[in-house]
Amino acid sequence: MSDIKSKSIDLATQEGIKKAQDENIKIVWDRLEAQEPQCGFGQLGICCTVCSMGPCRIDPFGEGAQVGVCGANADTIAARNLARKIAVGASAHSDHGRDVAHTITLTAHGHAHDYGVVDEEKLKVLAEEFGIDTGKPKEQITKELSKKLLEEFGKQEGDLTFVKRAPKKRQQIWKKLGITPRGIDREIVEMLHSTHIGVDNDYKNLINTGMRCALSDGWGGSMVATDVQDIILGSPVPVRSKVNLGVLKEGYVNIVVHGHEPILSEMAVKAAADPELVKLAKAKGAEGINLVGMCCTANEILMRHGIPVAGNFLQQELAIITGAVELMMVDVQCIMPALKEIASCYHTKLVTTSPKAKFPGVVHIEFQPEKAYEIAKEIIRFGVENFSNRNKNRVDIPKHEMDLVAGFTKEIVFQILGGRYRATYKPLNEAIISGRLRGLAGVVGCNNAKQTHDYFHTTVVKELIKKDVLVLQTGCSAIACAKQGLLVPEAAIEYAGKGLQEICDAVGIPPVLHLGSCVDNSRILVAAAQMIAEGGLGEDLSDIPAAGCAPEWMSEKAVSIGFYFMASGVYTIFGASPLATLGSKNLTDYLTGELENVVGARFDFCDDPFKMAELMIAHIDKKRQALNLKPAMY
Ligand code: SF4
Ligand code: MSK
């Protein structure tokens, strides 16, 4: 068990790993062990496979080759590798945004009847931003807006519309550096072009292009995804629910939705409650249908419907290993290829739904927005019919589950803190100005099998709230902290400092606010911009006493997120796995030092969660001082 404890601090996860070991099933931690020692060149970012004269490697000890066959040195190779990660991460978020924009377009033209405009107020706010006359009928506004939204992807002239949401000073910084994002697709293409053999050999210029590409994600693709999802699926409001593997129910048909795009999972939520399917489940001997989420799809349906969350990234295999999952439906991103093998050890049906993400030999039921509900019903029915194949002797669901409150959007924070009739960020700004609140922190990102699961997220967050820093979370990080009981208002009493406790107490919020999935990091950007507009905290995002971190990051999307936070002016720390830049001292020094003079923020890499929190708090205090604010009150 001591070995298991080094893999995860989460008790449900520990029990799941034990069951896998008992049943001799290899999971993510076993596969990591089989990979060790991992390639040092890859870890340092100095292996290049860009052209077929390679692969080339730079000798990190300075004795062997210092340039590749084409003459590229460590700086170029490491920067190019990093830049490609940004492009892939940005493409994932932005393609998600495009799919959502397509869905609203189909809806506007009457081709996707299962969707409609749920948040009309938000539709109008967005329409105004795009210069559409909001006096027109809702249907016409939706048509015009959806066209303009899709145009953002292929835009050839001008800047992305959402750039206007950033403070003026930040817009000027971007303009001066030439990194204002233009078309969403264009920035990704240009980034990839720059990394082709024999194009950009200047690591600083590659990072500039990388920042523009990442900004087209944060202030483009991700923002489109978040805002349009709110329009057609509804804007979240605070909601209570449960989290961890214990949300799987023994007597029920358990369906897990896993991935990222909520367009289908939204329909799955409805289909799981369909009387015809519930009746079928009962006829099969189950008590009903229990739909739960995994990873960011979980966050989406949690925020909008209070659907329980079975776990975060490293728990996806363990959900199946409970032996109680009839069906896991997946769409895109963060779905381990290993799931096919794991599912084949049980009765679980794995179903892929996106033409972009298939597994050989796995059932594929392709999602189409035009027939959304019908397809969702087909998938749920498939799961219900599988209930009779369950081997009851192999079922063992960890009993651990925890309460959480989620559903905090920038609009909701606005209302809660300012009151419905005085919707304003003023009280939040005043709390920071007075020193009752030291500042804000965004703690986001994935799990990584190289780090003790959930330990880094929860340790950093506990240290931050202890020092009166209000924490905003998304993604698997939010799920990690929720499992440890940090996302309920009562957590303030146990974990928060006196100032944060007073605020949580007065308005009834947890000290850690769950803002949604990975694309919802865009909510944090807009909230911060609105705080600047409110006044008293400087003129730019880099002035706010705030910091960001991704303690257990692993995905390329996390790299893009880190870059758009940093390029927006937010000091950002990456956890134990540095960005694979260490093979280039120049690049590493640039990212962790000089960039601050260029863009007003920089990165740090840190593998100690206590130190990470210390660095963030020191930065917050430095920003307080620069604004001439009193020191934090407590
Ligand atoms: Fe080697 Fe240059 Fe080709 Fe990279 S681009 S593989 S460094 S020859
Ligand atoms: S799911 S990108 S592991 S947060 Fe968004 Fe979690 Fe990271 Fe995937």
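Just so it is clear, none of the values below were taken in a lab; they were calculated from the coordinates. This one's a predicted model, so the numbers in the text were calculated from it and none came from an experiment. As a convention, Cβ positions derive from the backbone with ideal geometry for all residues, glycine included, and neighbour counts pool all protein chains shown.
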Go through LEU350, ILE141, ASN597 and say which Cα lies farthest out towards the positive end of the charge dipole of the chain; charges sit on Cβ, +1 for Lys and Arg, -1 for Asp and Glu.
ILE141
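Subtracting the Cα-Cα distance from 0.36 nm times the residue separation, let me have the gained length for LYS26 to ILE197 in nm, one decimal.
Once the chain is fully extended between LYS26 and ILE197, it gains 57.7 nm.
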Net charge within 15 Å of ASP468 by Cβ-Cβ distance, Lys/Arg positive one each and Asp/Glu negative one each, not counting ASP468 itself?
+2
Around LYS242, under 13 Å between beta carbons, what's the net of Lys plus Arg minus Asp minus Glu among the other residues?
+2
Name the trypsin sites (Lys or Arg not before Pro) in the stretch 289-363 that are in a loop by DSSP and that have at most 14 other C-beta atoms within 10 Å, would you?
LYS356, LYS358
Rounded if a/c is under 1.5, else prolate if a/b beats b/c, else oblate: with a ≥ b ≥ c from the C-alpha gyration tensor eigenvalues square-rooted, which is the stretch 367-479?
oblate
Between beta-carbons, use under 10 Å as the cut-off and find the net charge around ILE9, counting Lys and Arg +1, Asp and Glu -1.
+1
Based on the Cα gyration tensor of the chain, what are the three equivalent ellipsoid semi-axes, each the root of five times an eigenvalue, rounded to whole Å and given largest first?
35, 30, 27
Dipole size in debye (nearest 20) for the stretch 71-201 around its Cα centre, Lys and Arg Cβ +1, Asp and Glu Cβ -1?
540
Fewest Cβ neighbours within 10 Å first, please rank CYS51, CYS481, CYS39 accordingly.
CYS39, CYS51, CYS481
Just name one of GLY475, GLN316, ASN73: the one whose Cα is farthest towards the positive end of the charge dipole of the chain (beta-carbon charges, Lys/Arg +1, Asp/Glu -1).
GLY475
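What dipole magnitude, in Debye to the nearest 20, does the chain give about its Cα centre under +1 on Lys/Arg Cβ and -1 on Asp/Glu Cβ?
Using Cβ point charges on Lys, Arg, Asp and Glu, the chain gives about 520 debye.
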Between LEU150 and LYS5, what is 0.36 nm times their sequence separation minus the Cα-Cα distance? Round to one decimal in nm.
47.5 nm
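For a quick check: sort PHE359, PHE603, PHE61, PHE563 by the number of other beta carbons within 10 angstrom, fewest at the front.
Listing PHE359, PHE603, PHE61, PHE563 from fewest to most nearby Cβ atoms yields PHE61, PHE359, PHE603, PHE563.
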The farthest towards the positive end of the charge dipole of the stretch 2-57, of the residues ALA34, CYS51, SER8, given +1 on Cβ of Lys and Arg and -1 on Cβ of Asp and Glu, is CYS51
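Show me the GluC sites (Glu not before Pro) within the stretch 5-108 that DSSP assigns to loop and that have at most 16 other Cβ atoms within 10 Å of their Cβ.
Details: sites: GLU15, GLU23, GLU33, GLU63; in loops: GLU23, GLU63.
When the GluC sites (Glu not before Pro) of the stretch 5-108 are filtered for loop state and at most 16 Cβ neighbours within 10 Å, GLU23, GLU63 remain.
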